[in-house]
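Here is the structure we will look at.
The values are calculated or read from the model by the stated rules, or taken from the named source; none is laboratory data. Here the structure is a predicted model, which is why all the values come from computation and not from measurement. Don't worry about glycine lacking a Cβ; one is built from the backbone with ideal geometry, like all the others, and counts go over all protein chains shown. Each accessible area value is taken on the protein alone, full model and side chains, heavy atoms only, with ligands, DNA and RNA left out. Shrake-Rupley method; radii C 1.70, N 1.55, O 1.52, S 1.80 Å.
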Amino acid sequence: MDGGVSTKAAPAVIPRLDPIIHAQPRLRVVVALATLGERDQIAFPRLQEVVGMTAGNLSTHLRKLEEAAYVKVEKTYRRRTPVTYISLTRAGRRALEDYTAALQTLLTEAPSLTREEDGS
Amino acid sequence: MISPESARSPGHATCPDDASPSVGASLSFITAWRRQTARRLFGNPELVLAAWGGAWLLGFGACYLASSPRSALAVPGWLAYLVLGVSSATAGVVSAVETVRPGRGVVGPSRQVTTLYWWSWLLATGGLCLLMLGLGRAGLSPALLSLAWPGLAVLVSGVLYAVGGALWQDRLYYALGAWTVAVGAASTFAGAPGNLAVLALAGGGGLLVMAVVMVARRTNRWTEA
């Protein structure tokens, strides 16, 4: 093999990976939000603590996820204090399921591809 | 969308910001991160079970040793009650920490269910203490009280475990509830102080076994996910 993808080993339909979720920091955020119940929300500082990111970094990634309609950011007041709550939308939950399924398909149906990855 | 070819960039589960992990690493990362996040957001229910299992085993065990004429170990009564009190207080603190701390900053239906469920434990404990006080005032003999209160405490715990199992659709937790109810009720048939040995071994032991089973189940579940 010359380092490229073998056409013999490749499956008929190679699943494509969602670039929004594929970036590891955003994957971290989406997986963390998916751990919560469907209608649950988490406060920004708590999410920051769970995912271990700076406020600026987390805001940047949340903006990208919000643009893709994967997360919902809600600004509200709790005991007269402004709070930002974040939740995963149905589209976001579905995107994570699709992403995980695509990865599993790649691992099982394109072993030559994953072998190359592991060796890289 | 990006193609799988572009997913072949080197990386692993802990790669830094914006680096794209490989396919295998992404899957491993999702599995590990899910497990880690669940522990951070929901705490360790196994730890709570282990704490109460230990408290019942040590506390009821010490009370049995203190009151049984056939006991090989001579444990003074005050020491037995001290062991029961300290181990129960420790388990109570572990429960509070593992319930309140992980859920902070989370709002929504599941958080509300968890909060109300844990309030039910406090209500049940308070209600049981009042019931025992009332029965004592009404003239129930100390011998019958010593048979009734530990069995009732374990039985009520079992009912709450079963309710927890029903709420979170967890058959294992429900089975623990059913077992604990049976142990609490059956302990009275052993008479005093045999009831305390039954509660220590079958009640406390049951919780400890379940804590181990739940750890094994969680590890397998996330590994398979």
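Placing one identical point scatterer on every Cα of the stretch A:19-106 and ignoring solvent, what is log10 I(q)/I(0) from the Debye formula at q = 0.15, 0.17, 0.22 Å⁻¹?
-0.52, -0.66, -1.07
How large is Rg/Rh for chain B, to two decimals, with Cα atoms and a Kirkwood Rh?
1.13
With r as the distance between the Cβ atoms of residue A:83 and residue A:57 and R0 = 22 Å, compute the FRET efficiency 1/(1 + (r/R0)^6) and round to 0.05.
Efficiency for this residue pair is about 0.65.
What number comes out for accessible area per residue over the stretch B:100-225 if the probe is 1.4 Å? Units Å², please.
54 Å²
For a label point 7 Å from the Cα of residue A:98 along Cα→C-beta, name the residues of the stretch A:51-81 whose backbone N is under 12 Å from it.
Output list for this probe position: A:69-70.
Roll a 1.4 angstrom probe over the protein heavy atoms and tell me the percent of accessible area of the protein assembly as shown that is carbon or sulfur.
63 percent
At a probe radius of 1.4 Å, figure out the B/A buried accessible area, summed over both chains, and give it in Å² to the nearest 100.
Heavy-atom accessible area buried at this interface is about 3800 Å².
For q = 0.19, 0.25, 0.26 Å⁻¹, what log10 I(q)/I(0) does the stretch B:152-225 give under the Debye formula with an equal point scatterer on each alpha carbon and no solvent?
Here log10 of I(q) over I(0) equals -0.75, -1.06, -1.10.
Taking Cα atoms, how many degrees apart are the long axis of helix B:205-224 and the longest axis of chain B, rounded to 10 and kept between 0 and 90?
The two axes meet at around 10 degrees.
Roughly what would the spin-label model give for residue A:74 and residue B:125, points 7 Å off Cα along C-beta, in nm?
So the two model labels end up 3.2 nm from each other.
What residues qualify as long-range amide H neighbours of residue A:83, i.e. H under 5 Å apart, gap of 5 or more or another chain, H built at 1.01 Å from N?
A:76, A:77, A:78
Given a 1.4 angstrom probe, what's the average accessible area per residue across the stretch B:26-99, in square angstrom?
Per residue, the stretch B:26-99 has 48 Å² of solvent-accessible surface.
Among the residues of the stretch B:101-118, which ones have their accessible area go down by 20 Å² or more when all the protein chains sit together, as opposed to their chain alone (1.4 Å probe)?
Those residues are B:104, B:105, B:106, B:107, B:109, B:110.
Mind ranking B:100-107, A:73-80 by how tightly packed they are, going by the mean number of other C-beta atoms within 10 angstrom, highest first?
Order by mean packing, descending: B:100-107, A:73-80.
For the stretch B:49-224, what is the relative contact order in percent, using Cα pairs closer than 8 Å and at least 6 residues apart in sequence?
30 percent
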